[in-house]
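As structure tokens, the structure follows; a few thoughts come after it.
The values are calculated or read from the model by the stated rules, or taken from the named source; none is laboratory data. Note that this is a predicted model, so its numbers are computed, not measured. So basically every Cβ, Gly included, is an ideal-geometry build from the backbone, and we count neighbours across all protein chains shown.
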Amino acid sequence: MAIEKAEKKPMQTKNKILIAAATAIVLAGVAVGIYFGVRKNDNSNANGSTNNSNSGPSVAPTTTTSIAPTPTVAPPPLLNGTMVNGTLLPYYTLTGPQAAPATTAGTVYTNCNVPNTYSISYDDGPSAYTHELLDLLDKEKIKVTFFVNGNNDGCIYDPKVRSVIKRAYDSGHQIASHTWSHPQLTTLSVEQITTQMRRVEQALRELLGIVPRYMRPPYGDGTFGNGNANDVKVQSTLKSLGYVIATWDIATTDADIDDNLPTHKLTDAALAAKEQGVVTSAVNAAPKGANHMQLMHDTYQRTVTQLSPWSITYIKSLGYKIVPVAECLGDTDPRNC
């Protein structure tokens, strides 16, 4: 019995040790689990998780809304004179139904075709005398056409010249092109003719916001109906640029007479009678009721102070209505400026 008790006591001690060890292992496992659980939560919070009860109110997930593509909107119509890829457009781009044009680009017109109309036009200006001419036209309440140059009697970029052109345009007169420097177009290449026209376009676009649709070749060069290669070149080039070509059937020869005054040795009254005779002879030689385009030059004082007042009185006495070139051709297109 003593031996049995002695053996039993070490056994009990051994069991207690095993139980204590097992308990320690369990507690250690719990501690490790708690430790790693806390670390996991910390890592989740560092990555933006909202699982922690202290992280604030929950945020609703972001939703993506599909946006319909913006519909394509047609660009507005281009105005005449608009620069496109470095090229100045010579036309308005019109929208909607339009009346058939009364005139055709590249065609040469020498007479008015609207009944009872008579156009007066002035070439080579403006000049120092043009303001006085505009005063006369305002007084007579008539509108005419000015075929202007870019650099001839004066430069179109000169403020004084620009003020005259602006006044004429604002007064309702037609502004048309007479080329940049008044050359003979048949002597130029296609490229040079184009440059002559484009330079005037650019200047008028900057000054008035318009580009003319009508032009008159200096000296009428290239329009005499000879059908030669140079005439074809001039007319086809102007057609490609969109220009209506307007010449005349009555040339007053005011430029010829005034340029040669020293050789004429005539009195002022005689010179006036000579110029007036040119007009009356042309009218009398034409069929009755014919409609005319009369050419003068506002670069000569005599033309402004004598020939123009006389012409207006004479034309009215015949029963004609004095109008710009475009109107006497029946052109109501807004591009006729």
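Summary table below
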| quantity | calculated |
| --- | --- |
| Per-region count, region 103-141, residues among the hydroxyl-bearing types (Ser, Thr, Tyr), under 15 Å from ILE250 (Cα atoms) and either touching a Leu at 6+ places or on another chain (Cβ under 9 Å) or assigned to a strand (DSSP E or B) (or both) | 6 |
| Test set (1) without any contact (Cβ under 8 Å) to a residue 24 or more places away in the chain; (2) within 24 Å of the chain's Cα centre (by Cα); (3) at positive phi - CYS155 fails condition number | (3) |
| Residue selected from region 225-250 under the condition surrounded by 14 or more Cβ atoms within 10 Å (Cβ to Cβ) and of a type in the set (A, V, I, L, M, F, W, C), by the criterion farthest from ILE210 (Cα to Cα) | ILE250 |
| Residue in region 111-124 that is farther than 22 Å from ASP221 by Cβ and within 26 Å of the chain's Cα centre (by Cα) present | no |
| Test result for GLN202, under 25 Å from HIS173 (Cβ atoms), modelled with pLDDT of 95 or more, surrounded by fewer than 18 Cβ atoms within 10 Å (Cβ to Cβ) and not hydroxyl-bearing (Ser, Thr, Tyr) | yes |
| Test: residue in region 303-324 that is on the phi > 0 side of the Ramachandran plot and modelled with pLDDT under 95 | no |
| Members of region 275-326 that are within 20 Å of PRO115 (Cβ to Cβ) and aromatic (Phe, Trp, Tyr) | TYR314, TYR320 |
| Matching residues, region 265-312, being without any contact (Cβ under 8 Å) to a residue 60 or more places away in the chain and over 16 Å from ILE250 (Cβ atoms) | LYS265, LEU266, THR267, ASP268, ALA269, ALA270, LEU271, ALA272, ALA273, ARG302, GLN306 |
| Qualifying residue in region 113-131 (condition: polar (S, T, N, Q), modelled with pLDDT of 95 or more, within 17 Å of LEU204 (Cβ to Cβ) and surrounded by fewer than 19 Cβ atoms within 10 Å (Cβ to Cβ)) | no |
| Residue that is surrounded by the most Cβ atoms within 10 Å (Cβ to Cβ), among those in region 150-183 that are assigned to a loop (DSSP other than H, G, I, E, B) and charged (D, E, K, R) | ASP153 |
| Output for region 275-328, where each listed residue is aliphatic (A, V, I, L, M) and not in a helix (DSSP H, G or I) | ALA286, ALA290, MET293, LEU295, MET296, LEU318, ILE322, VAL323 |
